[in-house]
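For reference, the structure discussed in these notes is given below.
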Amino acid sequence: MDSDDHAMLEALVRHGKRHQLDDFLAQGDRCGWCRHPIRLRGFVVSGPAGEETVTFSSSSLPDGVVLKACGSRSEVRCPSCAAIYRGDSRHLVRAGLEGGKGVDEAIALHPAVFLTLTAPSFGAVHATSAVSPCHAGHPRARCAHGRPLACPRRHERGDELVGTPLCPDCYDYEGAVLQNALNSELWRRTMIYTERQLAAVLDRTQADARRVARLSFCRVAEFQRRGVVHLHAIVRADGPEGSVPPVDAGQLARACLQAAGTITVSNPNASATWGRQIDVQVLEHGDERARRVATYVAKYATKTSSDDPRLDAPVRSFEDLCRRELPTHLHRMVATALDLGADPALSELNLARHAHRLGYGGHFLTKSRRYSTTFGALRDARVQWREARRLGDDGPEDQTSEGHWHAVGAGWTDRGESLFAAHQQRQRTEDKREAELAWYTRSE
Ligand SMILES: [Zn+2]
Ligand SMILES: [Zn+2]
Ligand SMILES: [Zn+2]
């Protein structure tokens with residue numbers, strides 16, 4: 001038995017000795033074996049007004065606390081909570097395409113497209129390629145820094161070179177970081193322009209067009225291997241009061257393409273546009289693709305910067321950056337963001353604060369207000385469902401209950417508990433995967 005096993009066993013024995021092992025296991029299950037659960041102390045009073053009694057108290061539980069999941073969206077920070085967030089994202093995205101979760105199913109008849117917007121090139125980078133060389137060219141051709149302009153290799157996906165520049169000194173690091181910093185504004189303006197383009201397609205004035213067709217969207221940001229953000233978005237057109245608008249998906253797709261192709265964000269010190277790789281796909285009603293798109297979009301909702309745990313927290317200084325021992329390209333992206341962050345002319349971009357996200361300050365998943373349901377509504381539904389299950393179907397109706405809670409800390413009590421929680425969480429993921437696999441083979 002190694003020291004990890006020993007620590008886990010000690011933690012379990014500790015609860016066992018107090019006859020609280022079952023309570024401990026139930027508590028862990030309830031918070032999904034979250035990595036850093038919040039520890040709450042308190043009680044619940046319920047009963048008719050004036051006759052309330054304490055019906056539940058944390059003092060009876062292991063260590064006298066209730067454990068509440070941390071609720072993090074980041075896969076790196078808490079795999080368990082991130083999985084719940086990913087599930088909610090999928091519901092949220094799908095509800096906007098198919099209805100359900102409180103959204104009218106007629107929404108499926110509204111025209112919708114799936115849009116992918118990629119940043120321009122900031123210099124040649126190594127790319128995955130199965131058939132042709134990474135960069136064709138004369139083997140002796142050199143850049144001004146004496147580095148080869150060609151790369152005859154065929155890189156596989158896992159190759160660490162993929163996404164890194166052929167010559168870091170030729171590469172436009174400032175351009176790449178500013179692109180990330182301006183990405184959210186670029187997206188905001190793209191949506192405004194798409195509405196204008198739609199008016200032109202419909203041959204109406206803008207005000208007139210907005211009366212018959214408004215845009216809703218849900219978009220995720222994804223870091224490419226080169227450390228530049230690209231966007232995947234579902235864009236939908238809605239008529240007044242939930243009606244089907246007089247626009248078809250083809251017209252919507254054209255308006256998106258025209259807008260994305262012309263938009264520029266510029267201020268005196270920086271500018272950004274979308275690259276040439278703009279892709280738009282029409283999502284047909286009842287199309288299997290809509291479901292795949294929802295899963296795809298949700299997958300990115302829990303990713304952070306580079307998914308590199310070394311960039312999980314803000315970088316405070318160059319010394320701090322060096323301590324993280326990042327790969328050269330990533331290091332240089334962060335260093336450039338810190339550098340530019342010190343420039344007063346760019347202060348409004350908050351580059352230093354977002355240096356650990358390579359300059360990107362936006363959210364990883366955003367949606368317009370009218371797109372679909374909300375994370376809050378999905379969370380409430382989950383809590384209610386769990387509560388109903390706990391009380392049985394006919395729980396006390398004439399009773400009101402009120403909880404009085406306060407946080408007394410975060411995380412597990414000791415290393416043994418932490419290790420055990422991580423083990424249980426992994427086990428749950430595996431069980432789920434196996435159940436899914438069994439389901440697929442059965443339905444074949
Ligand atoms: Zn958590
Ligand atoms: Zn290469
Ligand atoms: Zn060079």
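Would you point out the residue of segment 109-162, among those that are of a type in the set (Val, Ile, Thr) and assigned to a loop (DSSP other than H, G, I, E, B), that is nearest to ligand 3 (Cβ to nearest atom)?
Of all residues in segment 109-162, those of a type in the set (Val, Ile, Thr) come to 113, 116, 118, 125, 128, 131, 162.
Applying the additional criterion that residues be assigned to a loop (DSSP other than H, G, I, E, B) yields 118, 131, 162.
Numbers: THR118: 23, VAL131: 27, VAL162: 19 Å.
Restricting to residues being of a type in the set (Val, Ile, Thr) and assigned to a loop (DSSP other than H, G, I, E, B), the top hit is VAL162.
Can you name every residue in segment 248-291 that is in contact with a helix residue (DSSP H, G or I) (Cβ under 6 Å, 6 or more places away or on another chain) and in a loop (DSSP other than H, G, I, E, B)?
Once the filter is applied, which keeps residues that are in contact with a helix residue (DSSP H, G or I) (Cβ under 6 Å, 6 or more places away or on another chain) and in a loop (DSSP other than H, G, I, E, B), segment 248-291 yields ILE263, ASN269, TRP274, HIS285.
Would you confirm whether or not segment 103-116 contains a residue that is over 26 Å from ALA255 (Cβ atoms) and surrounded by 14 or more Cβ atoms within 10 Å (Cβ to Cβ)? Talk me through it step by step, then tell me what you get.
Keep residues of segment 103-116 that are over 26 Å from ALA255 (Cβ atoms), which gives none.
No, every residue in segment 103-116 fails to be over 26 Å from ALA255 (Cβ atoms) and surrounded by 14 or more Cβ atoms within 10 Å (Cβ to Cβ).
Looking at segment 1-20, which of its residues are under 37 Å from the mean Cα position of the chain (by Cα), part of a helix (DSSP H, G or I) and not polar (S, T, N, Q)?
ASP4, ASP5, HIS6, ALA7, MET8, LEU9, GLU10, ALA11, LEU12, HIS15
Among the residues of segment 24-73, write down those that are among the charged types (D, E, K, R) and at pLDDT 85 or above. If you could, list the steps in order and put the result at the bottom.
Quick first cut of segment 24-73, residues among the charged types (D, E, K, R) only: 29-30, 35, 39, 41, 51-52, 63, 68, 73.
Hits for segment 24-73 are ASP29, ARG30, ARG35, ARG39, ARG41, ASP63, LYS68.
Quick check: is even one residue across segment 95-102 more than 16 Å from ligand 3 (Cβ to nearest atom), in contact (Cβ under 8 Å) with a residue 60 or more places away in the chain and basic (Lys, Arg)?
From segment 95-102, those more than 16 Å from ligand 3 (Cβ to nearest atom) are 95-102; that's our starting set.
When the remaining residues are screened for being in contact (Cβ under 8 Å) with a residue 60 or more places away in the chain, the result is 95-98, 101-102.
The next check asks that each one be basic (Lys, Arg); those that pass are 101.
For segment 95-102, residues more than 16 Å from ligand 3 (Cβ to nearest atom), in contact (Cβ under 8 Å) with a residue 60 or more places away in the chain and basic (Lys, Arg): present.
Restricting attention to segment 203-237, which residues are farther than 30 Å from ALA127 by Cα and out of contact with any Asp or Glu (no Cβ under 8 Å at 6 or more places or on another chain)? Give the steps one after another, and end with the answer.
Quick first cut of segment 203-237, residues farther than 30 Å from ALA127 by Cα only: 203-217, 236-237.
Within segment 203-237, ASP203, ARG204, THR205, ALA207, ASP208, ARG211, VAL212, PHE217, ARG236, ALA237 qualify.
Yes or no, residue by residue, for (1) more than 16 Å from ligand 2 (Cβ to nearest atom); (2) modelled with pLDDT of 85 or more; (3) polar (S, T, N, Q); (4) surrounded by fewer than 19 Cβ atoms within 10 Å (Cβ to Cβ):
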{"position": "LYS17", "(1), (2), (3), (4)": "yes, yes, no, yes"}
{"position": "GLN20", "(1), (2), (3), (4)": "yes, yes, yes, yes"}
{"position": "CYS81", "(1), (2), (3), (4)": "yes, yes, no, no"}
{"position": "VAL93", "(1), (2), (3), (4)": "yes, yes, no, no"}
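Restricting attention to segment 240-260, which residues are among the small types (Gly, Ala, Ser) and surrounded by 14 or more Cβ atoms within 10 Å (Cβ to Cβ)? Can you show your working first?
The first filter runs over segment 240-260 and keeps only residues among the small types (Gly, Ala, Ser), leaving 242-243, 249-250, 253, 255, 259-260.
Once the filter is applied, which keeps residues that are among the small types (Gly, Ala, Ser) and surrounded by 14 or more Cβ atoms within 10 Å (Cβ to Cβ), segment 240-260 yields ALA249, ALA253, ALA255, ALA259, ALA260.
Yes/no per residue for (1) surrounded by fewer than 21 Cβ atoms within 10 Å (Cβ to Cβ); (2) in a helix (DSSP H, G or I); (3) within 16 Å of ligand 3 (Cβ to nearest atom):
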position: PRO168; (1), (2), (3): yes, no, yes
position: GLU195; (1), (2), (3): yes, yes, no
position: GLU222; (1), (2), (3): yes, no, no
position: VAL235; (1), (2), (3): no, no, no
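Does any residue in segment 363-377 that is of a type in the set (Val, Ile, Thr) come within less than 9 Å, Cβ to Cβ, of a residue that is in a helix (DSSP H, G or I) six or more places away or on a different chain, and which pairs are these?
If the second residue must be in a helix (DSSP H, G or I), the pairs left are THR366/SER184; THR366/TRP187; THR373/HIS91; THR373/LEU92; THR373/ALA95; THR373/GLY96; THR373/ALA381; THR374/LEU92.
The values are calculated or read from the model by the stated rules, or taken from the named source; none is laboratory data. Computed from a predicted structure; not experimentally measured. Positions of Cβ are backbone-derived with ideal geometry, glycine not excepted, and every protein chain shown enters the neighbour counts.
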